[in-house]
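The values are calculated or read from the model by the stated rules, or taken from the named source; none is laboratory data. From a predicted model like this one, the values you see are computed outputs, not experimental measurements. Cβ coordinates were reconstructed from backbone atoms using ideal geometry, including for glycine residues, and neighbour counts include every protein chain displayed. For the accessible areas, the whole protein counts, side chains as well, though only heavy atoms, and no ligand, DNA or RNA atoms are used. Shrake-Rupley method; radii C 1.70, N 1.55, O 1.52, S 1.80 Å.
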Amino acid sequence: MPSNSHNSMDFALGCISLPPQCSATPNPSFLLIDDDIRTLESLHSLLEGRGFNMTLATSGAEAQTHLLEKPYDIVLLDLNLGDMHGLDIMDFINEHQIDVTTIVLSGETNIESAIGALQRGAYGYLRKPYPSEQLLNKIENALEKRALEERNRQIAVRLEYSEKIYRNLVDNSPDIIYTLNRDGCFTFVNERAQQVLGYTQDELLGKHYSIIVHEDDQPRAQYVFNERRTSNRASRNVELRLRGKHLDDEELTFDQSMMTISFNSMGMYTSEDERGRHEYHGTYVVARDVTERKRAEELITYQAYHDILTDLPNRILFNEQLHLSIIQARRTQIKLAVMLINLHRFKIVNDTLGHSKGDELLRQVAKRLKSCLCEGGLLARHGGDEFAIIVPCIKNRQEAATQAGEILKCMKKPFLLDGQEAFISARIGIAVYPSDGDDATELVRLADIAVTQMKLEGKDGYLFYDLSMQNASQEKAEKEKSLRLAVENNELEMYYQPQVEFTTRKIIGAEALMRWNHPVRGLLSAGLFLPFAEENGLMPLLSEWMLEAVCKDMSTMIKAGCPPIRVAINISPNALDHSDLFEHIQESLENYAIPPKQFEVEITENICIRNPQYAIEQLNKLSQLGISVAIDDFGTGYSSLAYLHRFPINTIKIDQMFVREIQSVDGHFPVALAIVSIARGLGLNLIAEGVETDAQACYLKKSGCESMQGYHFHKPMPSQSLIDLLKKQAA
Ligand code: C2E
Ligand code: CA
Ligand code: CA
């Protein structure tokens, strides 16, 4: 039988030829052999009319020719033939393995010929003359015997056929099939078992099943492999881990060499004995390799509880573990600490260097934090740039503080991203069981309050949760709410800070800056609430309001007959990621009939680097519309000139930081000078912001920067004040 793999079962079964269709011969055929023609004729007439097909032969040679030509059922043979002896014919029949029943009809009286005939397999020996009855009886018996033999032969062929089919089905089954005797030793294994387990059939037959079962599963295996029950009560779909042979040789890891097999087994019993009893004689097992499915399930479970990026436990697993750790701590009466670690400045690196570098940074951070873990500690990724640690078994707060100190220290070292050094720092909020809280959710919440407190204070380091912080976090929630309400209640207002040409003091443009007329705190400048809005996802709401407000103000300005100036708006870093920014601006300008050339957008360098291709597309569209683009806070970001070159930029704004350095007209302030020459080199407009003193203004003018913005000239003002100023200027 061909040893096919299980999946070529069709082919394998196709190889088994069906048994020949054997039907009992309806008309038995006779060969009558006698050299005496009269005897032949009388034999013929004796048998005629009984439905026999008869052929006559008058010599040995003629008889041999007939025997080779076609099959006969019965030969009636005379011993004395003219050309040969009848026994020669019998030898001929035997030599040629001709299947025929021979009845000898002989006139010879010597016993030798009778013995010779019987030795050669004659069915009957009748001495002439014999009564016809006797011959007919003999013939009838011979035919009956032949029919019986034929039936047996057919049964044997069918048996062989069905045995072949079943064996083929069993061997080519996708399942492992085997039987065990009552001692648990293999008595049969199919070929599939060999493929899956790596043992040959000979290696398994007679061996105890325990050699293939993983040791941890031996106790459970006992029930499956010694199963005596049958039908519904037998073992079904029991999963056990087995160890294959070839897998060991290949030195695979423990995990890989393990197979998960699903078992169905039942007892085998002898058929009923005379007292109606069945005897158990072994177990029949059908098993399926479900390793792949099991691994897939494990992977799914793993992914549900882990962060794919860092391979750390995720928030769900962290909370479950924390829950268990608390139970343990309660039982053993020890303390534990929960730390929430927020990465300060991660967002800047992510925005500046792009998300893939950001991801890499998170992986490196995870690795470093892991190395800081104390024994039994658990590190998890808790959110975007937030990690969480369980510090089990601490004696006092100082131990947690020490550990936090170590974490801060190791986060201070620069991270290498493609050869570029990135610096971030951490803020750690700590809550301690049982003094701060006694359940998992509460401890995490309190640690979060401590982190938020640090963010509010703008500090790095660690902070233990403290009751007084509750107020701060409530404050935050209230702040968020009141900022949302500010939009609804019209508490926001756009202010405009004029930009002037130094020599003529003429106003050539204005920067739109947001203000909040806070009902209690008075007028708040953008720096006091926009960073909060940015951190808490309120920027889209505010930007939308701002665009509308600026366009409305500009429209009033135009209607009031002011000389046309360019008004710049600030675009928050995330806004360029929103695909509808361009459409938004275009629509607003159209609605208020504002010429695009009177409109400018200020972007920071960092926007350009995060998703340069997309930023370029967006800015190009704005630029094509006639809107100009300015780079704000130039020199403070991470951008390289190579990048800037690809952007449709019209203006560079020298950041206040570099203007503030200018202390006298005669000094030397290289950064400002460098920026001036970059703008010249790239053929861009230049404007200095934050100009507060005459000396700064004069130095900038002397260095080649004509346009300026700052308190020295004008503070940001309401739109009506700007209109008044512009009108005065025109007069
Ligand atoms: P910025 O774009 O660098 O704006 C300049 C900031 O410097 C403004 O602060 C302005 O009031 C202030 N400033 C102007 N002249 C002087 C000066 O001579 N000395 C000093 N010390 N400061 C001066 P403000 O209004 O608080 O805005 C802070 C930042 O908030 C802005 O920085 C800008 O990035 C952002 N911002 C303001 N308004 C908006 C807005 O409507 N949308 C967006 N997305 N961002 C805005
Ligand atoms: Ca600006
Ligand atoms: Ca600026």
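Taking each residue of segment 501-525 that is more than 25 Å from Cys705 (Cβ to Cβ) and without any contact (Cβ under 8 Å) to a residue 12 or more places away in the chain and looking for partners that are open to solvent by 30 Å² or more (accessible area, probe 1.4 Å) and not charged (D, E, K, R) with beta-carbon atoms closer than 6 Å, six or more apart or interchain, yields Leu523/Asn517; Leu524/His518. Taken together, Ser707, Ser721 contain a single residue that is open to solvent by 10 Å² or more (accessible area, probe 1.4 Å), more than 16 Å from ligand 2 (Cβ to nearest atom) and modelled with pLDDT of 95 or more, which is Ser721. Within segment 271-298, being closer than 20 Å to Val224 by Cα, open to solvent by 40 Å² or more (accessible area, probe 1.4 Å) and of a type outside the set (Asp, Glu) holds for His281, Tyr284, Arg288, Lys294.
Is it true that Glu480 is more than 16 Å from ligand 1 (Cβ to nearest atom), open to solvent by less than 60 Å² (accessible area, probe 1.4 Å) and not assigned by TED's automatic domain parsing to the domain that holds Glu602? Here the answer is yes, as Glu480 does meet what is asked. Within segment 488-515, if we keep just the residues that are within 16 Å of ligand 1 (Cβ to nearest atom) and over 24 Å from Val691 (Cα atoms), the residue that is surrounded by the most Cβ atoms within 10 Å (Cβ to Cβ) turns out to be Leu492. For segment 622-631, check the following and say yes or no: at least one residue is surrounded by fewer than 17 Cβ atoms within 10 Å (Cβ to Cβ) and over 28 Å from Pro573 (Cβ atoms). Taking every residue of segment 622-631 in turn, none turns out to be surrounded by fewer than 17 Cβ atoms within 10 Å (Cβ to Cβ) and over 28 Å from Pro573 (Cβ atoms). The strands (runs of 3 or more DSSP E) located wholly in segment 507-607 that include 2 or more residues which are within 14 Å of ligand 2 (Cβ to nearest atom) occupy 566-570, 599-604. Among the residues of segment 517-549, the one identified as crowded, with 17+ Cβ neighbours inside 10 Å and over 49 Å from the mean Cα position of the chain (by Cα) is Leu524.
Within segment 685-698, restricting attention to residues that are more than 16 Å from ligand 3 (Cβ to nearest atom) and not acidic (Asp, Glu), which residue is surrounded by the most Cβ atoms within 10 Å (Cβ to Cβ)?
Ranking the candidates gives Ala697 first.
Applying the condition of being hydrophobic (A, V, I, L, M, F, W, C) and touching a Ser or Thr at 6+ places or on another chain (Cβ under 8 Å) to segment 118-142 and asking which residue is surrounded by the most Cβ atoms within 10 Å (Cβ to Cβ) yields Ala122.
Being within 16 Å of ligand 2 (Cβ to nearest atom), open to solvent by 30 Å² or more (accessible area, probe 1.4 Å) and modelled with pLDDT of 90 or more holds for only one residue in Lys701, Lys653, Lys715, and it is Lys715. Set side by side, the residues Phe669, Phe658, Phe634 differ, and just one is touching a Phe, Trp or Tyr at 6+ places or on another chain (Cβ under 8 Å), within 15 Å of ligand 3 (Cβ to nearest atom) and modelled with pLDDT under 95, which is Phe658. Cβ-Cβ contacts under 8 Å between residues 6 or more apart (or on different chains), taken from a first residue in segment 477-499 that is within 16 Å of ligand 2 (Cβ to nearest atom) to a second residue that is of a type in the set (Asp, Glu) and not in a strand (DSSP E or B), are listed as Met494/Asp553; Tyr496/Asp553.
Screening segment 45-157 for helices (runs of 4 or more DSSP H) wholly inside it with 2 or more residues that are within 16 Å of Ser29 (Cα to Cα) returns the ranges 60-69.
Yes or no: Lys347 open to solvent by 70 Å² or more (accessible area, probe 1.4 Å), in a helix (DSSP H, G or I) and not small (Gly, Ala, Ser)? I'd like the intermediate steps shown before the answer.
On the way: open to solvent by 70 Å² or more (accessible area, probe 1.4 Å): yes; in a helix (DSSP H, G or I): yes; not small (Gly, Ala, Ser): yes.
Yes; evaluated as a whole, the condition is true for this residue.
Has segment 302-313 got any residue that is more than 30 Å from Val238 (Cβ to Cβ), touching a strand residue (DSSP E or B) at 6+ places or on another chain (Cβ under 8 Å) and part of a helix (DSSP H, G or I)? For segment 302-313, residues more than 30 Å from Val238 (Cβ to Cβ), touching a strand residue (DSSP E or B) at 6+ places or on another chain (Cβ under 8 Å) and part of a helix (DSSP H, G or I): absent.
For segment 588-604, taking the residues that are within 16 Å of ligand 3 (Cβ to nearest atom) and acidic (Asp, Glu), the one that is farthest from the chain's Cα centre (by Cα) is identified as Glu600.
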